[in-house]
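To start, the structure itself, in C-alpha cells.
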Amino acid sequence: MCAELVAELGRRGLTLGTCESLTGGGLAAALTSVPGASRVFRGGLVTYASDLKSSLVGVDATLVAREGVINEATARQMADGASRALGVDVALSCTGVAGPDPQDGQPPGVVWAGLRMPDGRVLTERLDLTGDRATIRQSTVFACLRLAREWVCS
C-alpha cells in the first residue's frame, strides 16, 4: 500500500508529511520503508504529548484544555498544522488511544485520522479499533495509509 501511495504522489508531483501521536512515528516509518520515498516524503512530527500538539502544530490550546486531544477537531488541526510546518501538499494526522488505559474519557481503540489535501480540504475519519496496544497502533497506521491511498490513487 505504501509503495502505491508513494508512486502516485510522485506521479502527481505532490509532497507528503505526517503528524502522529499514538503511533509514535510508525506512520513515517512505514512510508520511509519504501525505496524512493524521499522524492515525496518531507518529514513527520511526533506530537505524543498533548501540549506539543498546540506548541508545534497549532492545535487550539483551549480545545485541548476543554475536550482533550482525542477528537475530530484535533485530527483536523494536526493535519492543517503539519501541512504548514512541513511545507507539504498532503498531510496525514492521527490522534487516539492505544491503551491500555482510557484517555480524555475515551476508551482504547478510539482514533481520529486526518488527511489534508492540496486544495486545503481536510478529511477526517473516526476509527473504532479493537485489540491490544500494538494492534491498535498498527491498525491506525494501516487506516491512515488507506485513507491517503483512497484519495491519492482514485
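The values are calculated or read from the model by the stated rules, or taken from the named source; none is laboratory data. In this text the structure is predicted, and so the values were computed from the model without any measurement. No Cβ is skipped: glycine too gets one built from the backbone with ideal geometry, and neighbour counts run over all protein chains shown. Surface accessibility is based on the protein's heavy atoms, side chains included, excluding ligands, DNA and RNA. Shrake-Rupley method; radii C 1.70, N 1.55, O 1.52, S 1.80 Å.
Counting only heavy atoms of protein chains, what accessible area per residue, in Å², does the chain have with a probe of 1.4 Å?
44 Å²
In whole angstrom, note down how far apart the Cα centers of region 82-102 and region 113-151 are.
A separation of 9 Å, based on Cα centres.
Sticking with the crude label model, points 7 Å out along Cα→Cβ, report the distance from Leu52 to Arg126 in nm, one decimal please.
It works out to 2.7 nm between the two label points.
Which value, in debye to the nearest 20, gives the size of the charge dipole of region 1-99 about its Cα centre, when Lys and Arg are +1 and Asp and Glu are -1 at the Cβ?
Dipole of region 1-99, to the nearest 20 debye: 260 debye.
Which value at 222 nm does the chain reach when only helices count, each DSSP H run of 4 or more adding -39,500 (n - 2.57), with the total divided by all residues and rounded to the nearest 500 deg cm²/dmol?
After summing the helix terms and dividing by residue count, I get -13500 deg cm²/dmol.
What length, rounded to one decimal in nm, is gained on full extension from Phe142 through to Arg11, with 0.36 nm per residue of separation minus their alpha-carbon distance?
Here the segment from Phe142 to Arg11 would lengthen by 45.0 nm.
Calculate log10 I(q)/I(0) of the chain for q = 0.20 Å⁻¹, where I(q) comes from the Debye formula with a single equal point scatterer on each Cα and nothing for solvent.
-1.19
What distance in nm separates the simple spin-label points at Met1 and Arg133, each placed 7 Å from Cα in the Cβ direction?
A separation of 2.3 nm, rounded to one decimal place.
Under a plain spin-label model, where a point goes 7 Å from the Cα along Cα-to-Cβ, how far apart in nm are Ser154 and Arg84?
2.7 nm
Work out the FRET efficiency for Ala61 and Ala29 from their Cβ-Cβ distance, taking R0 = 22 Å, and round it to the nearest 0.05.
0.15
For region 74-154, report the % of Cα-Cα distances exceeding 14 Å.
In whole percent, the long-distance tail amounts to 59.
Rounded, prolate or oblate: pick one for region 6-53, where a ≥ b ≥ c are the square roots of the eigenvalues of its C-alpha gyration tensor, a/c under 1.5 means rounded, and failing that, prolate if a/b is larger than b/c, else oblate.
In terms of gyration-tensor shape, prolate.
Taking amide hydrogens as modeled 1.01 Å from N in the peptide plane, which residues meet the under 5 Å criterion relative to Gly131, leaving out close sequence neighbours?
Close amide H contacts, sequence-distant or interchain: none at all.
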